[in-house]
Amino acid sequence: MRHGPGRVGLRASAGLLALLLAAGCDAGASDGPGDGRQTAAGAAEIAGEIVLASGRDVTGKGGIRQQLIAEWNRQQEAKGSTSRARLVELPGSADQQRSQLLGALQSGSAEYDVVNLDVTWVPEFAAAGLVQQLPDRLVDSDVITSVAGTARWKDELYSVPFNSDVGLLFYRRDYLASAGVTKTDLGKDTGWPVLRQLIGALDTAGKKLPGPYAKGWTSQLDASYEGLTVNGIEAFASAADGFALTDEDGRYAGSVADLQAGLDELRNRTQAAYTLPDAVHSDEADTLTDFANGRTGFLRHWPYAYRTLHQSLSDQQLGVAPLPGKAVLGGQNLAVARGSQRSAAARQLVEFLTGKESERCLLDAGFAATRLSAYEDNGLTCNAAKPAGQATAGPAGERTDRMPRDSSGRPAYARGTLLPALENAVQRPRTPLYGAFSQTFTAQLARLQGDAPPSDAELAGDLDAELRRALPSR
């Protein structure tokens, strides 16, 4: 989706992917597992600015990523080192950013040393030989286990989790109270049947609700980007525990029966009876606006919405809980470009940006941190950045954002809601051909939104056949 997973439709052509994979065969004869001390050409390390290419920082201009880069530079200067780093934010959608990175790394036209990759891109960039293998020590036992699984391909480490993401359920406490619901603090036991009952209570309350309420629930169901893929994977994974569409080698591993069960779950979740009609044309920004404006009582979204929504809604109005069923894991990982001539310094930068204190800074700013210590170590604080919400900070630098925090300064929901959600999250299919998968998967699911949608059995058969054509099979 456009944040975390982003607009990751990945519409690369088969020809381009074949070219990249071929290039990877030449570039892959490299430094040995977990090393990467030399450039692809074996040249010696050279001094110079370390360039990190990334998508947009949702914490805003001069946000937490830029602040961490500035802190790295300050520390290098204090040590007498000439190493400096610079953040380059790539324009456009996530699809466009991915295409820019692929083209730049394959051609060497841009001197990127570190690239910030959506977690679904890691297998593709690794298989194409565009990023280096990294030392295993960079992903230690402090990294959340589910998140650590996004960093590897073929049992080798090619990236380090930077900030994570997971689907969450945001809801209007005040709407539930107005509808006569006594329990307005939802928890992990809120399944889809309970959610549908609560939506029914809101619909029954009707005009008793404050604001322009229209329908109970919304999510990112736009078929023109990754939103429908993410919602589909969450439904499929919830319908069959342990279900996966690809195996560890990226080969198609689904079955018609499993697909049919997943489609039935997705259809139940998106019925017109309780889904905002605009959801089928909505992305993250659209759904966030609809929810904030009071048009719906429940919202599936990413962690950054917690801080954003609290700028207009109070803690008495806004609640957050784990998404019923399985939630998809998103986020971005840092990788060192194969052609970097500053590989050692680039790895040091990656280690700093993904270290314990940096992860605590990311959490405080509204991202989902990747390390357990950020959530559990009360002695760990962020000293490397300005307070979250620095754009509106007071003269003494105190926080003026309205995001509720616990006694240790973390977002109030971090330990009890966000961390468990990350630990229980599922990955989207891991394959170098993720673009082909997502395009095929979304195109078939979009048929459910037509005027004459096929039966689950018919669509499951068609989806199975198309995925077997798009991906290698076992």
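The values are calculated or read from the model by the stated rules, or taken from the named source; none is laboratory data. Quick caveat, the model's predicted, so the values are computed rather than measured. A quick note on method: Cβ atoms are made from the backbone with ideal geometry, for glycine too, and the neighbour counts reach across all protein chains shown.
Data overview
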quantity	calculated
Criterion violated by residue 75 - all others in (1) surrounded by 24 or more Cβ atoms within 10 Å (Cβ to Cβ); (2) at pLDDT 95 or above; (3) not in a strand (DSSP E or B) satisfied	(1)
Among residues of the range 176-213, those that are assigned to a helix (DSSP H, G or I) and free of Cβ contacts under 8 Å to residues at least 40 places away in the same chain, counted	10
Test result for residue 171, of a type outside the set (D, E, K, R) and at pLDDT 95 or above	yes
Test: residue in the range 337-346 that is in a strand (DSSP E or B) and on the phi < 0 side of the Ramachandran plot	yes
Failed condition for residue 53, given (1) among the small types (Gly, Ala, Ser); (2) within 25 Å of the chain's Cα centre (by Cα); (3) assigned to a loop (DSSP other than H, G, I, E, B)	(3)
Number of positions in the range 103-147 that are in contact (Cβ under 8 Å) with a residue 12 or more places away in the chain and of a type in the set (Ser, Thr, Tyr)	4
One residue from 102, 117 being at pLDDT 95 or above and either in the same structural domain as residue 66 (by TED's automatic domain parsing) or assigned to a helix (DSSP H, G or I) (or both)	117
Selected residue (criterion: surrounded by the most Cβ atoms within 10 Å (Cβ to Cβ)) from residues of the range 262-285 that are in contact with a helix residue (DSSP H, G or I) (Cβ under 7 Å, 6 or more places away or on another chain) and among the charged types (D, E, K, R)	269
Candidates 237, 253, filtered to the one that is touching a residue at least 12 places away in the same chain (Cβ under 8 Å), crowded, with 23+ Cβ neighbours inside 10 Å and farther than 17 Å from residue 299 by Cβ	237
Conditions (1) touching a helix residue (DSSP H, G or I) at 6+ places or on another chain (Cβ under 8 Å); (2) more than 27 Å from residue 384 (Cα to Cα); (3) touching a residue at least 40 places away in the same chain (Cβ under 8 Å): number failed by residue 92	(3)
Residue 321 being touching a helix residue (DSSP H, G or I) at 6+ places or on another chain (Cβ under 8 Å), part of a strand (DSSP E or B) and of a type in the set (A, V, I, L, M, F, W, C)	yes
Cβ pairs under 6 Å, 6+ apart, first in the range 439-468 and in contact (Cβ under 8 Å) with a residue 24 or more places away in the chain and not assigned by TED's automatic domain parsing to the domain that holds residue 266, second part of a helix (DSSP H, G or I) and among the small types (Gly, Ala, Ser)	440/470; 445/232
